[in-house]
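Asks: Quick one: the structure is below, and I'll ask about it shortly.
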Amino acid sequence: MANNYDMFLRFAFVFMFISCHLSTCKGFELELELEILLSLQSSINTNQISHPFINWNSSLPFCKWNGITCFDSSHVSKIELPGKNLSGKIPNSIFELPHIQSIDLSNNQLFGEIPYNLSSCYSLRYLNLSSNNLTGLIPIGRLPFLETFDLSNNMLFGEIPEEIGFFSGLKVVDLGGNILSGNIPDSITNMTKLAFLTLASNQLSGEIPKRLGLMKSLKWIYLGYNNFSGEIPNSIGDLINLKHLDLVYNNLTGEIPLSLGNLTNLEHLFLYFNKLTGPIPITFFDVRKLVSLDLSDNFLSGEIPELFFQLQNLEILHLFSNNFSGKIPNALSFLPHLQILQLWSNRLSGEIPKDLGKYNNLTILDLSTNNLTGKIPENLCSSSRLFKLILFSNSLKGEIPKSLSLCKSLQRVRLQKNELSGELSPKLTSLPAVYFLDFSENKFSGRIDDRTWDMPQLQILNLAKNEFFGELPDSFGSNSLENLDLSGNRFSGGIPEKFGEFSDIMEMRLSGNELSGKIPDQLSYCKKLVSLDLSHNHLAGEIPTSFASMPVLGQLDLSVNELTGKIPSNLGEVESLVQVNISYNNFHGRLPSTGAFLAINSSAVI
């Protein structure tokens with residue numbers, strides 16, 4: 001029915017030009033525009049609370065309706081109804097409004113197809129139908145005045161038509177977030193005025209057009225999250241106005257072109273998650289305006305050049321997950337705006353530059369999974385803004401610098417799998433913002449119960465496989481603790497009853513220590529506890545019968561202790577319990593004949 005009505009409007013529009021006199025055409029045209037707007041109103045469903053069509057009625061001229069702007073106070077020039085919670089199909093007739101220049105129906109819930117040929121909107125300059133549920137093909141047409149063409153975040157499919165080159169006046173094209181496939185047509189290079197090109201998050205394939213360098217007005221290219229292959233075209237280096245180049249998550253191969261050094265206006269370069277090889281080209285360091293550089297997740301190799309000193313505007317440097325070797329260049333220490341430095345998962349060696357952080361503005365530092373040696377530098381938190389420090393899986397030695405113990409901005413600290421030693425500073429255990437602290441698999445020693453733990457944000461604490469001794473503290477100064485691992489040390493004394501106050505704890509590992517005494521009943525107050533490992537200690541007494549009241553307990557390891565008595569029969573009734581190990585104790589009697597005990601492995605009761 002709607003299609004027939006659209007057809008009627010088309011014939012009426014054609015008939016108007018054939019039969020009407022100049023004096024009567026304007027009136028007929030206005031009547032036709034009114035009919036088209038009413039067809040839009042009837043096709044669209046709206047949220048009654050914020051009804052955009054509330055004043056769309058005959059008591060007002062349509063030039064005063066919500067979302068409508070008129071040219072010469074009479075003809076519709078703009079329809080602007082973004083984010084109005086509209087649903088339904090867009091009537092084809094709105095693309096036949098004779099004076100329409102701008103249509104914005106973005107951020108709604110519209111569905112159906114866009115008319116394939118938009119040539120009837122000859123005056124159209126701005127079309128934004130993004131963030132809807134539209135399907136079908138990319139429309140074509142000869143629209144010499146069209147400047148913005150945004151159909152992003154819909155469900156459009158098929159190939160980008162060769163005819164898109166007819167939109168020669170375009171300045172902004174955004175077709176990202178659809179299901180488009182095939183190659184980028186060569187005709188796209190006809191858009192010599194184009195400044196903004198986004199085709200990201202589709203299923204496009206083939207090579208990036210070599211003639212892309214003809215589009216001299218381009219300032220932004222975003223082709224990420226597709227299946228492009230082949231090499232990065234050298235001609236991209238001809239786009240001297242380019243400020244943002246994003247080719248991430250493709251299958252691009254070969255070396256990074258030397259020609260990218262010609263992009264002297266480039267501020268953001270993102271090439272991560274491809275298959276690029278070779279070194280960082282020396283010409284890169286002529287791109288002095290560079291603010292963000294991300295070459296991570298490739299197969300790049302060689303040393304990181306000291307020439308980084310030339311990039312004085314650099315704020316973000318991501319080179320992680322490559323094959324870089326050699327030392328971390330001292331030059332990185334002298335980049336005054338550097339905030340984020342991530343070099344993890346390479347083959348870097350030597351010491352961390354001693355001045356790193358001293359002249360930077362560091363907020364995130366991740367040098368993990370390399371072959372770094374020496375001590376942690378004293379100046380990493382000189383900015384007082386460092387909140388993420390990740391140095392795990394290296395061969396770092398020595399104590400934690402005192403300056404880090406005073407770094408109140410820290411939130412996430414991971415230093416595990418190194419050779420760090422010494423005692424934990426009392427200041428370190430009072431950092432107010434830390435939520436993740438992992439010092440496991442080092443050579444730390446000393447007591448941890450001889451100071452006040454005041455870490456109100458702490459959620460994850462891992463001190464496993466060190467040389468700590470003494471009794472356990474009653475508290476870690478946090479009501480949000482979710483994961484506690486103190487295993488593989490030399491802690492002694494009893495398990496504190498106050499551990500039962502860890503209301504959010506999900507995993508508790510105290511195994512491989514010298515803990516003694518009874519298992520406190522209060523642990524059963526930890527109603528979110530999923531995994532409890534108390535194995536390889538000197539615990540005595542019986543298993544608390546209250547453990548049966550723990551609603552999500554899935555793993556329970558009490559092996560290699562000195563526990564006695566019978567296994568509580570109600571423990572087998574815990575439906576969540578799937579894995580139990582009670583081997584190497586002094587239990588007697590029968591195993592429960594229900595739940596996890598029905599299929600228990602013989603090694604778990606030896």
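Asks: Under 8 Å for C-alpha pairs, at least 6 residues apart: give me the relative contact order for segment 523-566, rounded to a whole percent.
Replies: Values: 67 pairs, mean separation 23.3, N = 44.
RCO, segment 523-566: 53 percent.
Asks: Right, here's the next one. Note down the net charge around PRO209, summing +1 for each Lys or Arg and -1 for each Asp or Glu among other residues with Cβ under 13 Å from its Cβ.
Replies: Values: positive: LYS210, ARG211; negative: GLU162, ASP186, GLU207, GLU231, ASP238.
So the surrounding residues net to -3.
Asks: Okay, moving on. What residues qualify as long-range amide H neighbours of GLY230, i.e. H under 5 Å apart, gap of 5 or more or another chain, H built at 1.01 Å from N?
Replies: When sequence neighbours closer than 5 places are left aside, the close amide H contacts are THR253.
Asks: Another question, if that's okay. When only C-alpha pairs under 8 Å and at least 6 residues apart count, what is the relative contact order of the chain, in percent? Walk me through the numbers before you get to the answer.
Replies: On the way: 1732 pairs, mean separation 23.5, N = 606.
Over the chain, the number comes to 4 percent.
Asks: For the chain, what is the calculated [θ] at 222 nm in deg cm²/dmol (nearest 500), taking -39500 (n - 2.57) for each run of four or more DSSP H residues and dividing by its residue count?
Replies: When only DSSP H runs of four or more count, the value is -2500 deg cm²/dmol.
Asks: Could you give the length gained on full extension between LEU30 and ASN570, defined as 0.36 nm per residue of separation minus the Cα-Cα distance, in nm?
Replies: On the way: separation 540, 0.36 × 540 = 194.40 nm, distance 8.17 nm.
186.2 nm is the gain from fully extending LEU30 to ASN570.
Asks: Under 13 Å from a point 7 Å along the Cα-to-Cβ line of ASN85: which residues of segment 103-130 have their amide N that close?
Replies: Counting backbone N atoms under 13 Å from the label point, the list is 108-109.
Asks: Follow-up. Kindly flag which residue pairs out of LYS78/LYS216; LYS388/LYS417; LYS397/LYS465 have an alpha-carbon separation exceeding 26 Å in this structure. The partial results should precede the final answer.
Replies: Working: LYS78/LYS216 30 Å; LYS388/LYS417 17 Å; LYS397/LYS465 16 Å.
Pairs exceeding the cut-off: LYS78/LYS216.
Asks: Antiparallel versus total DSSP beta bridges in the chain: what percent is that, nearest 5?
Replies: Values: 6 of 118 bridges.
Roughly 5 percent of the beta bridges in the chain run antiparallel, per DSSP.
Asks: Now for a different question. Please report Rg (one decimal) and Dmax (integer) in Å for the Cα set of the chain.
Replies: Calculated on Cα positions, Rg and Dmax stand at 33.4, 108 Å.
Asks: Which whole-number percent is the relative contact order of segment 446-605 (Cα, under 8 Å, 6+ apart)? Please list the in-between numbers first.
Replies: Values: 435 pairs, mean separation 22.9, N = 160.
About 14 percent, as a whole number.
Asks: Follow-up question, since we're still on this one. Across all directions of projection, what mean area in square nanometres is found for the Cα convex hull of segment 140-286?
Replies: Working: hull surface 30.2 nm².
The orientation-averaged projected area of the Cα hull of segment 140-286 comes to 7.6 nm².
Asks: ³J(HN,Hα) across segment 424-436 via Karplus (A = 6.51, B = -1.76, C = 1.60, θ = phi - 60°), whole Hz, x for Gly/Pro?
Replies: 7, 5, x, 5, 5, 8, 10, 6, x, 10, 5, 10, 9
Asks: So, in nm, how far is label LYS375 from label TYR359 when the simple model puts each one 7 Å beyond its Cα toward the Cβ?
Replies: A separation of 2.2 nm, rounded to one decimal place.
Asks: Further, regarding this structure: Give the aspartates and glutamates whose C-alpha is closer than 16 Å to that of LYS358, dropping any in the same chain fewer than 8 places away, or say none.
Replies: Cross-link targets: GLU315, GLU378.
Asks: Then there's this: Where the accessible area of segment 446-605 is counted over protein heavy atoms with a 1.4 Å probe, how much of it, in %, is carbon and sulfur? Provide the component values of the computation, followed by the final result.
Replies: Working: 3220 of 7230 Å².
Solvent-exposed carbon and sulfur of segment 446-605 make up 45 percent of the total.
Asks: Would you mind calculating the gained length between SER168 and LYS402 on full extension (0.36 nm times residue separation, minus the Cα-Cα distance), in nm to one decimal?
Replies: Numbers: separation 234, 0.36 × 234 = 84.24 nm, distance 6.22 nm.
So the chain would gain 78.0 nm between SER168 and LYS402.
Asks: Another question, then. Using a simple spin-label model with points 7 Å from Cα along the Cα→Cβ vector, what separation in nm is obtained for ILE282 and VAL578?
Replies: 5.8
Asks: Post the alpha-carbon centroid distance, segment 390-418 to segment 530-583, in whole angstrom.
Replies: 35
Asks: Provide the per residue accessible area, probe 1.4 Å, for the chain, rounded to a whole number of square angstrom. It would help to have the intermediate numbers written out before the result.
Replies: Numbers: 26170 Å² over 606 residues.
Per-residue accessible area for the chain comes out at 43 Å².
Asks: Now, a different point. For GLY422, which sequence-distant residues (separation of 5 or more, or a different chain) have an amide H within less than 5 Å of its own amide H, given hydrogens modelled in the peptide plane?
Replies: Under 5 Å from the amide H of GLY422 lie the amide H atoms of SER445, each far enough along the sequence or on another chain.
Asks: Would you kindly derive the ³J(HN,Hα) couplings of segment 118-130 from the backbone phi angles with the Karplus curve 6.51 cos²θ - 1.76 cosθ + 1.60 (θ = phi - 60°), listing them in order in whole Hz, with x for Gly and Pro?
Replies: 9, 4, 5, 8, 4, 8, 4, 10, 9, 10, 10, 10, 5
Asks: Right, here's the next one. Is the C-alpha gyration tensor of segment 301-436 telling us rounded, prolate or oblate? Criteria: a/c under 1.5 is rounded; beyond that, a/b larger than b/c is prolate, otherwise oblate.
Replies: oblate
Asks: Mind checking which of SER492, SER480, PHE502 is farthest towards the positive end of segment 469-511's charge dipole, using Cβ charges of +1 (Lys, Arg) and -1 (Asp, Glu) about the Cα centre?
Replies: My answer, from the dipole projection, is SER492.
Asks: Let me ask something else. How much FRET efficiency would the formula 1/(1 + (r/R0)^6) give for ASP521 and ASN45, where r is the Cβ-Cβ distance and R0 is 60 Å, rounded to 0.05?
Replies: 0.50
Asks: Okay, next question. Which entries of LYS327/LYS427; LYS243/LYS375; LYS527/LYS566; LYS243/LYS408 show an alpha-carbon separation above 30 angstrom in the structure shown?
Replies: Flagged as over cut-off: LYS327/LYS427; LYS243/LYS375; LYS243/LYS408.
Asks: While we're on this one: Round to the nearest 10 and give me the degree value, 0 to 90, for the angle of helix 22-43's Cα axis relative to the longest principal axis of the chain.
Replies: 30
Asks: Now a separate question. When the accessible area of segment 373-445 is computed with all protein chains present and a 1.4 Å probe, what percentage of it is carbon and sulfur? Present the calculation step by step, with values, prior to reporting the outcome.
Replies: Numbers: 1440 of 3030 Å².
Carbon plus sulfur share of accessible area: 47 percent.
Asks: I would also like to ask the following. Given H placed 1.01 Å from N in the peptide plane, which residues other than close sequence neighbours of ILE256 have an amide H under 5 Å from its amide H?
Replies: Hits under the 5 Å cutoff: THR277.
Asks: Of all DSSP beta bridges in segment 446-605, what percent run antiparallel (nearest 5)?
Replies: Working: 0 of 27 bridges.
So the antiparallel bridges in segment 446-605 amount to around 0 percent.
Asks: While we're on this one: With labels modelled as points extended 7 Å from the Cα through the Cβ direction, what inter-label distance (nm, one decimal) is found for LYS210 paired with GLN310?
Replies: Those two pseudo-labels are separated by 2.8 nm.
Asks: Next question, about the same structure. To the nearest 20 debye, what is the magnitude of the charge dipole of the chain about its Cα centre, counting +1 on the Cβ of each Lys and Arg and -1 on the Cβ of each Asp and Glu?
Replies: 820
Asks: Could you pull out every one of the aspartates and glutamates with an alpha carbon less than 17 Å from that of LYS443, ignoring same-chain neighbours closer than 8 positions?
Replies: Correct list for LYS443: GLU399, GLU419, GLU423, GLU467, ASP485.
The values are calculated or read from the model by the stated rules, or taken from the named source; none is laboratory data. Given the structure is predicted, the values throughout are model-derived calculations rather than measurements. Here Cβ is always computed from backbone atoms with ideal geometry, including for glycine, and neighbour counts include all displayed protein chains. Ligands, DNA and RNA are stripped out before the accessible areas are found, and what is left, the full protein with its side chains, is counted by its heavy atoms. Shrake-Rupley method; radii C 1.70, N 1.55, O 1.52, S 1.80 Å.
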